[in-house]
Amino acid sequence: MEREEEDEIVCLDESFFINDNYQLTTFTFGSQVLHLFCLHSASTDYDLTGQLVWPGAILLNDYLSKNDEMLKGLSVIELGSGVGVTGVLCGRFCDKVVLTDHNDEILNKNIDLHASSEASPCADLVAEKLEWGNADHINAIVQRHPQGFDLILGADIYILLATFQQSSIPLLFRTAEQLLQIRGKGKCRFILGYVSRATVFPTLMVSVSPCSMDAMVLSEAHRHGLSTKEVAGTRSVVGNLEGVIYEIALQ
Ligand SMILES: C[S@@+](CC[C@H](N)C(=O)[O-])C[C@H]1O[C@@H](n2cnc3c(N)ncnc32)[C@H](O)[C@@H]1O
């Protein structure tokens, strides 16, 4: 390589995109008040989407706080936790909460915040690095939690991601299927806070309408042998988007 060409190469690592100017922010769900570090807007570059709280998490947390009885004593794992607002809320009711993300920097910061908080949660909050489809990550989680989980949770975890990779949706459902199989049919459910949006796939040079996106997500779940059921009474508007809670299980 010519010297001049070599000089022109600029390498940008993750730190170039990270905005860690997090603000301590208060969220209220029913009687539960949570304080978490987060951003109020985020870049979609380098998949830093998890630095703020998304409408899917507001929808899911509202549903969980209205149905907190069902969380009592459960062991829960969350996929794509972002700042951790759903897992932290579950910590107030569940016995065990494992929060996961492939980008766990802010998640660990918020777990440390809650570990040292006086309003201590009922459960210990544990962070695990989990990139969907990563066999090493999943095996490590299965080894550390061999009894599996009663409940898998996810909020807003299928969107935009398509802009970074061709699609993370199959990997997301493969991971959910593997986690559901630890306990087996009828013993674990996956509750998904879903917000309907259009998505752009630049690598494929196509954009997908909200309806097609919804169909794509559901058909991917079915392709992995999972049943999907809309939870009655949960369809609602979050911000200016339509959202719904799905209950997903092994068929
Ligand atoms: C739109 S954010 C939602 C965050 C949070 N659940 C909420 O609703 O506020 C999507 C989250 O999924 C995580 N994520 C994206 N792709 C992932 C992958 N392939 N494996 C694991 N996590 C992923 C991102 O880091 C981010 O935290």
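Points worth noting:
- Shape of region 169-251, Cα gyration tensor, a/c cut at 1.5: oblate
- Listed peptides 150-157, 100-107 appear in the order 150-157, 100-107 once ranked by packing, highest mean of other Cβ atoms within 10 Å at the front.
- Gained length - Thr26 relative to Arg144, 0.36 nm times residue gap less alpha-carbon distance: 39.3 nm
- Solvent exposure, largest accessible area first (probe 1.4 Å, DNA, RNA and ligands not counted), of Arg183, Arg144, Arg174, Arg197: Arg144, Arg174, Arg183, Arg197
- Given Lys66/Lys109; Lys109/Lys185; Lys109/Lys129; Lys109/Lys229; Lys72/Lys109; Lys96/Lys187, the pairs whose alpha carbons are separated by over 23 Å: Lys66/Lys109; Lys109/Lys185; Lys109/Lys229; Lys72/Lys109
- Relative packing of 91-97, 176-182, which averages over residues the other C-beta atoms within 10 Å, highest first: 91-97, 176-182
- Among 230-243, 54-67, the peptide with the highest mean count of other Cβ atoms within 10 Å heads the list, and the full ranking is 54-67, 230-243.
The values are calculated or read from the model by the stated rules, or taken from the named source; none is laboratory data. Keep in mind that this is a model prediction, so the values were computed, not measured. Heads up, the Cβs are rebuilt from the backbone with ideal geometry, glycines too, and the neighbour counts pull from every protein chain shown. The protein model used for the area step is the full one, side chains on, heavy atoms only, and it has no ligands, DNA or RNA in it. Shrake-Rupley method; radii C 1.70, N 1.55, O 1.52, S 1.80 Å.
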